[in-house]
Every structure is written in C-alpha cells, then in structure tokens.
1. Give just the number: which of (1) touching a strand residue (DSSP E or B) at 6+ places or on another chain (Cβ under 7 Å); (2) more than 24 Å from M1 (Cα to Cα); (3) open to solvent by 10 Å² or more (accessible area, probe 1.4 Å) does S216 not satisfy?
2. So in the range 37-63, with the set limited to residues that are aliphatic (A, V, I, L, M) and assigned to a helix (DSSP H, G or I), which one is surrounded by the most Cβ atoms within 10 Å (Cβ to Cβ)?
3. Across the range 183-197, which residue is farthest from the ligand (Cβ to nearest atom) among those that are open to solvent by 50 Å² or more (accessible area, probe 1.4 Å) and closer than 20 Å to L100 by Cβ?
4. How many residues does the range 37-50 contain that are hydroxyl-bearing (S, T, Y) and within 11 Å of the ligand (Cβ to nearest atom)?
5. Take the residues of the range 451-461 that are touching a residue at least 60 places away in the same chain (Cβ under 8 Å) and of a type outside the set (S, T, Y): which is farthest from Y383 (Cα to Cα)?
6. From F338, F298, F310, which residue is open to solvent by less than 30 Å² (accessible area, probe 1.4 Å) and touching a His at 6+ places or on another chain (Cβ under 8 Å)?
7. Yes or no: W317 among the hydrophobic types (A, V, I, L, M, F, W, C) and in a loop (DSSP other than H, G, I, E, B)?
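The values are calculated or read from the model by the stated rules, or taken from the named source; none is laboratory data. Treat the numbers as computed from the prediction; the structure is a model and nothing was measured. Here the Cβ is made from the backbone with ideal geometry for all residues, glycine too, and neighbour counts use every protein chain on show. Heavy atoms of the whole protein, side chains included, go into the accessibility calculation; ligands, DNA and RNA do not. Shrake-Rupley method; radii C 1.70, N 1.55, O 1.52, S 1.80 Å.
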Amino acid sequence: MRVRFAPSPTGQLHVGNARTALFNWLLARGAGGTFILRIEDTDFARSTKEAAQSALEDMRWLGLNWNEGVDTGGEYGPYFQSERLHIYRAHAVELMSRGLAYRCFCSEEQLEMERYHTLRAGQPPKYGGRCRDIPKDEARRRIENGEPAVIRFRIPPDRDVVFTDVVRGEVRFNTEVIGDPVLLRSDGVPAYNFAVVVDDALMAITHVIRGEDHVSNTPRQLLLYEAFGWTPPLFAHVSMVLGPDHSKLSKRHGATSVSEFRERGYLPEALANYLALLGWSPGEGEELLPLEELARRFRLEDVGRSAGVFDVEKLAWVNRHYLKAADPARLAGLCLPFLQREGWALQPGEADRMYLESVVPLAAASVDRLDQVPARLRFLFDYSASRALEDAVIRAEAIAVRPVLDALASELEGRPPLIDREAFRAMAARVREKTGQKGKALFHPIRLALTGEAEGLELDLAVPAIERGAMLASSGMVRVPSAAERAGLFLAAVDGP
Ligand code: GLU
C-alpha cells in the first residue's frame, strides 16, 4: 500500500487538510504501507517556500512522519511538482502523439466570451471545442510561428464514468458535462488534474484519500488513467470539516490552521486524536487513544460520509486529558514562551526550570489550553495587593476580616517558609485558634492576602508554590514575594489610600 498527502503550499495548513493527512497516515501505518508527502506547488502565483516549510513543520509537530517524499527523499522523486515539469511535458506530448490531446490556441478573451454566453444560456460553462479538430500540421505551423497554445485532453463524448468511492459508494458522471480540460498551460505548467494523475501513477499510489471537494475532478482523472493505460488507485473522498454553523470551517469560526492551534497551546497528540474522531470512531467510549493505537484500529471503510463539525469544546476535553498526562518537564518547556511573553521568565536557569516544572502542571491541570496557564500563575509572578483591592467588594471584605489578616501577618512574620501543605495547614490552624474563624471566613481572607485573587488554585498547593518561588535567587525570573511579604503588603494596602 502506498498513500500520499499532497498539500498545495498556498497558506497555512488547514485542520481539514491535516485530517486528510492523518487519515492517510493512519491507513498506511496500520497496514504497514508507505506514506508519501508530495508538495503540489505548481500554482506559482500563490505557492510559497514558507508555506511549504510550515506545512512540513505542522506535519512533524502532529507526529505524522512520512516514509518518503520532500526532505526524506525516495525512489520516486522529485517530490516537489515544480521540479517535475519535464515529466508532465513528456506525458502531455505522448497523449498528443496518440491523438488523445491537442493544442488549443483560444485566447483568454475568446474563452471568457464563450463562458459568458454559455452561462447566459443557462448551461454549465464548458470548453466548446473550437480547436479540437485543427489538423496537426496546421497546429505545428502555428506553434512554430510563436503562437501560444495550451494542451487539452480530448474527453470522449457521452460516456458514463463510474467509480466506487470507499467512503461515498458509487459515483457516476457523464462526460457531456465535462469540457476538454487543459493539461499543460502555454508556459508548460501543468493543471492540477493532469499533474496529480501523472504523479500518483508514477509514484505507484494505491489509495487516494482526499477531501470531497475533489470528487468532481475524479472522472477527468480516471479518463487520464485510461488514456495512459494505467490502473487507477482506489479513491476515498472524505467529508469537509465544518464550523458549528455547518459552513466550511473558516476564519470567522476562529482558529483554522494547525499552527494557530499550536500557538493557542493545544498539544499535538490532542489535536491529532481529536481530528481522527471527526468522521471516524475507534470504538464506543474509547476515543482517547494514542496515534499508534488509532492506526491499529483504523479502517477506511468505517469513515463516515457525513461532514465533521468541528467542536472546540470536545477538542478542549481531549486536550485536558493529554495535559493531565503530559510530562512536567515537557509542559514547563511548552509553557515557557507564554510565560516569557508576560515577561515573567526571561532567562530561566536550572533552578528556575525545576521550579517551573513543579508549578506549571498545577496550573495545567485546570485549563483547556496552555495559553491559559499564565492567568493561573499570575498569583505567583505578578502579585499586587493594591490591584486586588481596586475591586470594591474585595476591599470591603478585607476591611471586615481585618483580625484574620493581622493574625496571618503575625503568624508568618519571622517564621520558616511554608514549603509544604502540612506547614501551611499548621499555620492556618494557628490563625483559626487566634481568631475563632474557620472555613471560608478563615481561608478566603488568607487567599486574598497571599494570592491577591479571589479564586484560584487550592491554597495548600498555592502557598508552598509561593514560598518555593520566593526562595529562588535568580535574575532570569521575576521575583516571587514570600507569603510573609505578601501579608505585610496586603495589610499596608488595606490601610493605604
Ligand atoms: N493539492 C491538492 C489539494 O491540496 C491535492 C488534492 C489531491 O489529494 O489530489 O487539494
């Protein structure tokens, strides 16, 4: 089995295309086949090197490594279509020599007029065939005179082209609706439908899995296979990925590209796992599985026909699962850019990194995405009593619970840091004894004073995190004030203007 993913590098890799890539990967991986990555960059006006590079990066990030193709190499290269122009030309010439293709000299203006008139007559626009019967000698003479020409494929009249799509079942088109398609433009650049057939055939592709937006291209491609005498691959056209309003997932629904999801702090294994669930199911109640296991279970026949509606809530659920399972050092590393953006951890040293490894997982346990981690760690790196007290409700509460705040400050003053939950609990018990307050009346004022926030992480985790942060002697991180300092700062701010 040989399958391929063949993105056109005209922009960021869309999650819908990533899902197509993933289905190809799962199929090949599960069957011990070869997964090939080819770049379809013949639209020179819109293709860029950067987009090709970022597609490769996104693929690697998702864990969709390819056995053969761009960068990796292989026996069927080159794998950039822009490096295969001579191959397309040779094949177009072959079809012409067999009378299956012909030169067309129609100008853009002529074609435009023709389109206009057919549309006005209420018919689908289709090439009318003006150059179909130009004798070969005449065509040759006109070419020698420097007249520009494209090469068109001769579509056989009134034939049903039928194929069995693995996902969609029998698909049938009559050739009457298909005008003779351009194979090669006058500048020698191939049209998609031609290049894709030449490449898939020469690269010995056995299964073509792609978006259903290509279904209507398939009859043209099948006729080309036939013209060359090649055996066509199996086709599976998977449904599009839609937004919640059932239109194609696009910018106005929010993030659409793999890189945007990465920047928001979704883990690659979460995005890949989620994409696999769009239109396919590994089994009832068994949705959260690593790629290798998904590959083991994947069957192309089980991919549904109905469109996959992208569900951000479900993606968040999958991401939370993987965030909880992730290695602390990895999480800390992934969060570093977000913390750096806040100016909190500009050049962390060894001890700082260990500290981050201990606190980032605490925050990551309660977020959907890593870009939400800074908000959960603000209490450590950006403590501000006066900011907390700007809130009138908090200020009123702080004034009312003054005895707890006083007791807290004196219990912390000159004592060893509360580096674990037992130490914190013992301290809280002493404040309770002194003030007679308990439960929320005890812990909420402590939370306000020590974190500067009305809610957040459990205090017996948060306070040791504060104290361990305060012990770091680092210039690569912002300073974390200790619990004792915070209690003093808070009281001063309550008393202050
Ligand atoms: N370059 C085409 C696309 O990105 C590939 C389609 C195909 O797989 O044949 O849509």
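1. (1)
2. A55
3. Taking the candidates together, the pick is S186.
4. Pass one, the range 37-50, residues hydroxyl-bearing (S, T, Y): 42, 47-48.
Subset that is within 11 Å of the ligand (Cβ to nearest atom): 42, 47.
Number of matching residues: 2.
5. Applying the filter and picking the extreme gives L461.
6. Among F338, F298, F310, only F310 is open to solvent by less than 30 Å² (accessible area, probe 1.4 Å) and touching a His at 6+ places or on another chain (Cβ under 8 Å).
7. In short, no.
Rundown of residues vs (1) more than 9 Å from the ligand (Cβ to nearest atom); (2) touching a residue at least 40 places away in the same chain (Cβ under 8 Å); (3) not in a loop (DSSP other than H, G, I, E, B), yes/no style:
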{"position": "G11", "(1), (2), (3)": "yes, yes, no"}
{"position": "A18", "(1), (2), (3)": "yes, yes, yes"}
{"position": "L27", "(1), (2), (3)": "yes, yes, yes"}
{"position": "G30", "(1), (2), (3)": "yes, yes, yes"}
{"position": "F35", "(1), (2), (3)": "yes, no, yes"}
